[in-house]
Amino acid sequence: MGKRYLVDSNILIEFAGGLLPENISTLLSDIIDQDFNVSFINKIEVLGHNTADEAWINFINQASVITIDDDIIEQTIQIRKSHKIKIPDAIVAATAIINDLILLTRNTGDFKSVKNLRTENPWLWANS
């Protein structure tokens, strides 16, 4: 089995909006077709915008949405105690850690100090 990912809101928006370079979009499309995981907080963030239409809803509904549980809550608390990080970002990080997922995000710098969190920025795939 290959890498498993949790896809952050910024990547979801760029992918669905056709804002990614074609080569990155193709690679990301393969990931989304195989194992498309999002945190419940990402679903709220993406669908909470006024621009979220039926196409967006259908797109997000293809994802496996990981809901909050006691393990994620405890991990979020630990992250918040040791890092200056926004609560939604702490929840996303905790979700990735607890579920052994790589967080796909354009904002890797926001998460760089979170221990045991693996991140990848698809925008850098073109250079690797």
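Remark: the range 10-18, residue by residue, has Karplus-estimated 3J(HN,Hα) of 5, 6, 4, 5, 5, 5, 5, x, x Hz, where x stands for each Gly or Pro and the curve is 6.51 cos²θ - 1.76 cosθ + 1.60 at θ = phi - 60°. Taking the C-alpha atoms only, the angle from helix 70-82 to the longest principal axis of the chain is near 70 degrees. Using all pairs of distinct alpha-carbon atoms, the Kirkwood hydrodynamic radius of the chain works out to 14.9 angstrom. For residue 103, the residues whose modelled amide H falls within less than 5 Å of its own, excluding neighbours fewer than 5 places apart on the same chain, are 6, 118, 119, 120. Based on Cα contacts under 8 Å between residues 6+ apart, the chain shows a relative contact order of 31 percent. Tilt of helix 87-98 relative to the longest C-alpha principal axis of the chain, in degrees (0 to 90, nearest 10)? It works out to around 90 degrees.
Note on residue 69/residue 23: beta-carbon distance plugged into 1/(1 + (r/R0)^6) with R0 of 41 Å gives a FRET efficiency of 0.65. Rounded to the nearest 500, the helix-only mean residue ellipticity at 222 nm of the chain stands at -14500 deg cm²/dmol, with each DSSP H run of n ≥ 4 adding -39,500 (n - 2.57).
Any read-out appearing in this document is the output of simple, stated calculations on the displayed coordinates, not a laboratory observation. Fair warning: this is a prediction, and the values are worked out from it, not measured in the lab. With ideal geometry, Cβ positions are generated from the backbone for all residues, glycine too; neighbour counts draw on all protein chains shown.
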